[in-house]
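Novice: Before anything else, here's the structure in question.
The values are calculated or read from the model by the stated rules, or taken from the named source; none is laboratory data. Every value quoted in this text rests on a predicted model; they were computed, and no experiment measured them. So basically every Cβ, Gly included, is an ideal-geometry build from the backbone, and we count neighbours across all protein chains shown.
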């Protein structure tokens, strides 16, 4: 039996045993930079968050809602390099879209960290929008597509990410939709802040 499979079985056994015994001990979990979920009843790492259990006829493996932004810095750089995107821009979109809630679902049905609509997720080859790494890669790929479409204009690309490319084409500018204008301003504000923090950390 492989190490990962054995680990998964042990985790499942621990959870089933706790539930069968009627235990009320709190469990904690976090997703690391490799997309691996960790579980413990002793939150000895600041990334741990309390697991919320969902009552169901079937047992469901708990999923931590929020990811640690710092844990994904390396992955953001990797994806940013692949799609020629500033990783701080990707991070800013995640902050504006979901506030790093990997289980976020909008009223319109957008899902995950970068709030991908199901159709967009399929087009970007994302099979599980609630998987942080898949969602980030799919969202970054779509953002790169919008930047290519609007000749690297970040504001227009962000507007297209929010309202759709056709709306931006029709307006020839950021559409005069309150939601979209507020969204673009919010992402750019986060982007500027992340750039400043990154420059400071480099001593620049």
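Novice: Check every one of the helices (runs of 4 or more DSSP H) wholly within region 57-142 and list those with 2 or more residues that are in contact (Cβ under 8 Å) with a residue 40 or more places away in the chain and in the same structural domain as residue 160 (by TED's automatic domain parsing).
Specialist: 73-83, 87-98
Novice: Taking region 143-155 only, how many residues are in contact (Cβ under 8 Å) with a residue 12 or more places away in the chain and part of a loop (DSSP other than H, G, I, E, B)? Don't jump to the end; show me each part of the working.
Specialist: From region 143-155, those in contact (Cβ under 8 Å) with a residue 12 or more places away in the chain are 143-144, 146-147, 149-150, 154-155; that's our starting set.
So of that shortlist, the ones also part of a loop (DSSP other than H, G, I, E, B) come out as 150.
Adding up the residues that qualify gives 1.
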